[in-house]
Structure formats: structure tokens, C-alpha cells
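Each remark here refers to the structure printed beneath this line.
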Amino acid sequence: MTGLVIELPGKVKQIIDILQENGYEAYAVGGCVRDAILGRKPQDWDITTSALPEQVKALFHRTVDTGIQHGTVTVLLGKEGFEVTTYRVDGKYEDGRHPTEVSFTASLTEDLKRRDFTINAMAYNETEGLVDLFCGAEDLKHGLIRCVGTAKERFSEDALRILRAFRFSAQLDFSIEEETLRAAEELAGNLQKISAERIYAELVKLVVSEHPERLFSAYERGITSVILPEFDRMCKTPQHHAAHYADVGRHSLDTVCFAQKRSAYAEDGGFGAEEFRRLRLAALFHDLGKPDCRTTDTAGVDHFHGHAERGAELAKKILRRLKTDNATADTVSRLVRWHDYPFVPEERALRRAMYKIGTDIFPMLFELRQADLLAHAEPYHTDGPENLRKVWEVFLAVKSREECTSLKELAVNGSDLIAEGFRPGKELGEILERLLMIVIETPEKNTKKELLRLAKEL
């Protein structure tokens with residue numbers, strides 16, 4: 001216990017007060033306490049208590065059994081929900097993923113002992129102050145990720161904690177304590193037991209963090225060889241070329257770092273959480289095809305012809321393996337496919353690019369392209385972005401005039417042609433495509449009258 005004071009949200013304090021007034025212990029616990037001490041705004045406030053789930057439910061009018069088998073009840077106050085979990089002790093972890101059983105306990109100490117890292121094993125209420133049995137506050141002060149108790153035991157219980165250590169390191173810019181690192185390296189193979197969905201969730205949190213370059217530390221300790229072996233291949237692929245100063249893996253991580261949520265290419269100056277997640281994944285995977293496409297000429301210079309197309313195939317394959325949603329797999333693979341497109345600041349050429357690529361990914365694509373350029377050697381990272389900005393200005397001009405770059409924007413459709421006597425079928429589609437090509441070259445011809453005339457000529 002310390003004299004530290006944390007300002008609890010009113011509803012969190014209300015729940016804790018009700019539990020205490022009825023003879024139970026209750027504390028805010030875990031990540032919310034950690035973030036509050038660090039001066040960060042907690043995303044969620046979790047509460048731990050000596051009350052059993054049925055006793056919690058009896059004290060509050062509106063509850064949801066979100067994880068009743070593990071002692072978790074969500075208490076609803078207004079439109080907000082707060083997870084309230086009974087102190088518990090986990091049984092044996094025979095599969096390296098879940099405990100065989102969970103039993104409830106009246107001891108806060110026992111509950112905190114089962115948690116992963118010292119910085120996540122602190123509890124707080126206004127009556128007792130900070131309960132910090134494992135020196136989590138000290139580790140916060142020194143920027144250290146350390147397991148509660150013995151690192152090998154914690155990682156043997158749930159191997160995902162290995163990846164979580166690197167994720168917290170990236171999010172908080174903390175170092176990982178040496179014993180914890182050694183145990184992570186020794187037990188990395190146990191990550192094979194973890195579901196793809198859980199791996200993906202942690203990987204994404206790392207990639208969108210302030211320090212995604214910490215993924216390289218995971219590579220050095222053998223973690224990525226289990227969860228993302230394609231990244232290991234990238235790290236082992238050199239780039240002997242004047243445009244590059246690092247291997248493919250480190251260049252890709254630099255690109256991830258340069259890809260920002262706040263962007264001149266994003267609507268309203270910033271990407272939403274979903275867009276940013278896809279952008280950062282595309283940055284990580286944009287050169288995924290290079291190991292397969294590397295050739296070296298007689299002068300010792302490396303070339304990677306076709307790497308964008310190959311990378312798009314591999315990115316989609318990896319994301320499907322990680323059980324991502326279809327929209328993410330599609331968007332990321334498209335960004336990888338077109339990240340190396342030779343843009344020029346000329347309207348006709350840009351309309352062709354908009355037709356080929358699809359304008360929906362243009363903001364993310366331009367941010368990815370800029371990040372990629374910045375991760376190159378001189379003069380590529382200085383001259384390239386300037387040209388990209390010129391291309392973007394042309395894109396905005398074309399877009400503002402609502403010039404046609406897709407079939408849905410064409411002034412005629414299949415029904416219009418059929419009404420003029422054209423037969424349905426393959427040839428009708430070919431005529432529409434040819435009309436679109438004409439309009440892309442000469443936007444002023446995108447009128448119904450003109451296109452029907454041209455269709456008859458075709």
C-alpha cells in the first residue's frame with residue numbers, strides 16, 4: 001500500500017462503494033490502475049471483488065453474465081458497462097492456453113498472484129489505496145515488463161503472455177526484464193498452441209502501437225518464427241541497392257513507423273481505427289514478396305521484380321491464416337499490390353490509375369507510399385514525397401470534378417443499352433468497358449447522349 005491517489009470515475013467508485021457497504025472487498029484492478037498511474041486515460045475500468053457472482057447480481061439492478069463461469073458479471077449503469085470479477089485462483093494449465101478449472105477465493109493476494117505482469121497486478125480503492133504486492137509501481141517507474149513470480153511458470157500457463165510482453169513493450173516503450181526475456185525465448189514454441197485469433201489480436205496491438213519496431217526484438221528472440229515466419233524471411237533478405245540502407249524486414253518496420261494515423265492524405269486529417277490498423281498491416285507486409293523475387297545482377301545489385309504482386313498473394317494468405325475479416329484481408333492485399341505503382345502528376349494518367357486501383361484505398365495508399373519512401377535512403381526519401389504530394393493534388397482535382405473512373409460512374413449502364421436494342425451478354429459488358437476507357441481519356445464525353453451514340457458506333 002502507498003499514499004498514491006487515483007481519481008476513480010464516478011460510476012466505478014459507485015460500484016466499489018456499494019460492494020464495500022455490503023461487506024465485500026472491491027478494487028479497480030489491472031490495466032486501468034497501470035494506465036492511471038502512468039497518466040494515461042484507461043480504456044476500461046475493471047473491478048475485482050470478494051463477492052461471488054450471485055452476490056454481485058443481487059446488489060445491482062442491471063447485470064449481464066458475460067463470463068459467469070470465470071466469475072465475471074458486467075454491471076450496467078446507464079449506458080456504460082463495467083466488468084466485476086470475483087477473486088479467483090486458476091487451476092492447472094494443461095494445454096498452455098486455459099486453466100482446467102477456476103475456483104473462487106476470498107483472498108486478493110491469491111487473485112493478484114495469477115496475473116501476468118507486475119504492472120498489471122495492482123489494485124486500488126479509496127479506502128486502502130494502492131495494493132502493489134509485486135512492485136508493479138517500481139517497474140512502471142523503471143519502464144520494465146516483468147512477470148509476476150516465475151516467468152517460466154507464467155508463460156507455461158498461457159503462452160500468449162509471451163507475445164503480450166512484446167506488445168506491452170511496444171505500447172509503453174518499456175524494456176523486458178532479462179529473466180522474462182529468457183523464458184519467452186525458451187518457451188516461444190508454445191505459441192503454436194494459441195489460436196490464430198488471439199495471436200492476431202496481440203500482433204495488431206503491437207503493430208498500431210507507438211513503437212512497432214519492437215517486433216524486431218520478438219524476431220531476435222525467436223517469437224516471430226512461430227507466429228509470423230514470413231517476417232523472419234524478410235529479416236534475412238538483404239537489399240544491395242542504392243535505394244536501401246537495411247534488409248527487407250527492418251525497412252518494413254521503418255515503413256510501419258512512418259505510417260501515421262494523422263495524415264495529410266486522410267479525410268479530416270486522420271484515419272479511423274480500422275483504416276489505421278489496415279494501413280499499418282499493409283506497411284508491415286508491403287515488401288512481403290521480396291524474398292521470393294530477389295535477383296542479383298552482375299554488378300551485385302539486387303532487384304525485386306514482381307514483388308508487389310507476390311506480396312499481395314502472401315499477405316492475403318497470412319491474414320486468412322490469422323482468421324482476419326475478409327474486408328481487412330482484401331484491403332491490405334490491395335494496398336500491398338499497388339504500393340509500388342508508378343504515379344505521375346498528370347490527370348489522364350491518374351484517371352487510369354484510379355480505374356485500376358479503385359479510389360476507396362487512395363488515402364491509405366498514399367500514406368503507405370509516403371511512409372515507404374521515407375524508409376528509403378537518400379535521395380529517395382526527400383525527392384519522392386514531394387512528387388507524391390503533386391500527384392495527390394491532381395487526384396483531388398480529378399475527384400472534385402467528379403470525373404468518371406469506374407463503371408458505376410458511367411452515364412449509361414447495361415439497362416440503357418438494352419433499351420436501345422443491345423442484347424444482354426458478354427459483348428454488352430465489353431462495350432461498357434470500352435466506353436469507360438473512352439471517358440477516362442476524355443471525361444467530357446461522359447453524357448448519356450454521347451455514350452449511346454458511341455455505343456452504336458462500337
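Charged neighbours of Leu59, selected by a Cβ distance under 13 Å, balance to -1 (K, R count +1; D, E count -1).
The stretch between Lys205 and Thr442, if pulled fully straight at 0.36 nm per residue, gains 80.7 nm over its current Cα-Cα span.
No solvent, one uniform scatterer per C-alpha: report log10 I(q)/I(0) for segment 150-234 via the Debye equation at q = 0.11, 0.16, 0.18, 0.22 1/Å, two decimals. Each listed q maps to, in turn, -0.24, -0.52, -0.68, -1.05. Legend: calculated FRET efficiency, Glu220 to Lys193, from the Cβ-Cβ distance at R0 = 30 Å, rounded to 0.05, equals 0.85. The Cα center of segment 274-294 and the Cα center of segment 156-214 differ in position by 20 Å. Evaluate E = 1/(1 + (r/R0)^6) for Lys426 and Asp360, where r is the Cβ-Cβ distance and R0 equals 22 Å; express this FRET efficiency to the nearest 0.05. That pair, Lys426 with Asp360, gives E of 0.25. Overall, the ratio between the Cα radius of gyration of segment 1-51 and 2.2 N^0.38 Å, rounded to two decimals, is 1.13. So what does the Cα-only Debye profile of segment 20-172 read at q = 0.13, 0.15, 0.19, 0.20 Å⁻¹, as log10 I(q)/I(0), no solvent term? Treating every Cα as an identical point scatterer, log10 I(q)/I(0) equals -0.61, -0.83, -1.29, -1.39.
Given R₀ = 51 Å, FRET efficiency for Glu54-Glu185 by Cβ-Cβ distance, to 0.05? The pair Glu54/Glu185 has a calculated efficiency of 0.70. Working from label points 7 Å from Cα in the Cα-to-Cβ sense, the Ala299 to Asp383 distance is 1.5 nm.
Per-residue Karplus couplings for segment 415-420, computed as 6.51 cos²θ - 1.76 cosθ + 1.60 with θ equal to phi - 60°, are listed in order as 5, 4, 5, 5, 5, 8 Hz, Gly and Pro entered as x. Each residue was assigned an accessible area with a 1.4 Å probe, and for Glu378 the value is about 110 Å².
For segment 249-320, report the % of Cα-Cα distances exceeding 21 Å. Tail of the P(r) past 21 Å holds 38 percent of the pairs.
Would you work out the relative contact order for the chain, in percent, from Cα pairs under 8 angstrom that are 6 or more residues apart? Computed over the chain, the figure is 9 percent. Spin-label model, Tyr245 to Glu128: label points 7 Å out along the Cα-to-beta-carbon direction sit 5.2 nm apart. A cut-off under 14 angstrom between Cβ atoms defines the neighbours of Glu267, and their net charge, with Lys, Arg +1 and Asp, Glu -1, is -2.
What does the charge count around Ala419 come to, taking other residues whose C-beta lies under 14 Å from its C-beta (Lys +1, Arg +1, Asp -1, Glu -1)? In short, +2. On the principal axes of its alpha-carbon atoms, the chain has extents of 87, 60, 38 Å, going from largest to smallest. Accessible surface comparison of Arg320, Arg161, Arg233, Arg146, probe 1.4 Å, protein chains only, largest first: the order is Arg320, Arg233, Arg146, Arg161. Equivalent ellipsoid of segment 289-375: semi-axes from √(5λ) of the C-alpha gyration tensor, largest first, are 23, 21, 11 Å.
The values are calculated or read from the model by the stated rules, or taken from the named source; none is laboratory data. In this text the structure is predicted, and so the values were computed from the model without any measurement. Every residue, glycine as well, gets a Cβ built from its backbone with ideal geometry; the counts of neighbours run over all protein chains shown. Note: accessible area is taken over every heavy atom of the protein model, side chains too, but ligands, DNA and RNA are not part of it. Shrake-Rupley method; radii C 1.70, N 1.55, O 1.52, S 1.80 Å.
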